[in-house]
1. For segment 94-112, check the following and say yes or no: at least one residue is modelled with pLDDT of 80 or more, open to solvent by 100 Å² or more (accessible area, probe 1.4 Å) and over 30 Å from GLU23 (Cβ atoms).
2. Under 7 Å between Cβ atoms, which residue pairs at least 6 apart in sequence (or on different chains) link something in segment 30-52 that is in a helix (DSSP H, G or I) with a partner that is modelled with pLDDT under 75 and open to solvent by 40 Å² or more (accessible area, probe 1.4 Å)?
3. Spot the failing condition for VAL83; the list is (1) modelled with pLDDT of 80 or more; (2) open to solvent by 60 Å² or more (accessible area, probe 1.4 Å); (3) outside any helix (DSSP H, G or I), and only one is missed.
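The values are calculated or read from the model by the stated rules, or taken from the named source; none is laboratory data. Being a predicted model, the structure only gives us computed values, none of them experimental. As a convention, Cβ positions derive from the backbone with ideal geometry for all residues, glycine included, and neighbour counts pool all protein chains shown. All accessible areas refer to the heavy atoms of the entire protein, side chains included, with ligands and DNA or RNA removed. Shrake-Rupley method; radii C 1.70, N 1.55, O 1.52, S 1.80 Å.
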Amino acid sequence: MELNKIEDILEKYFQGETSIAEENQLKEYFSSSNVAQHLEQYKPMFGYFSQAKEQKSTYEIPLPKPRDKKRNVAWLSIAASAVVLLGIGTYFFVNEKNDTTAVASQTELGTYDDPEEALKATQKALALLSNNVNVGIESVQYINEYEQSKNKIFKQ
């Protein structure tokens, strides 16, 4: 095999651009006895790949016994119960905290230190109430007109 071609394939190999056939050519070249002096450093690497390919694992993976699954299911149900109880407890704790802040803010409503500010707030509240009452009165006037029209049409 030409030395230039091997160097090109080796360069492509280190860039990660070789095909399987080119890698096989490199393995064959480095497993032969006529390797160039400056490429001698790569010979153990390709020798290791062929040696590692032949190794087989003898480690056995233990499979869980059927009763282990029952134990796992029991622990899973206990863990699920704990999570549910923790969630319920958190909900009530946060809800109680919100209730106490709401009660505290309700007790502070309607208190003013400045009389002028209290007067303005009262006038604003009464104006809002007045607008709503006026809308209600207009609705009653429409009902009165409807009653008068009905009485004209259906004389009783």
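1. The answer is no; no qualifying residue exists.
2. SER31/SER50
3. (3)
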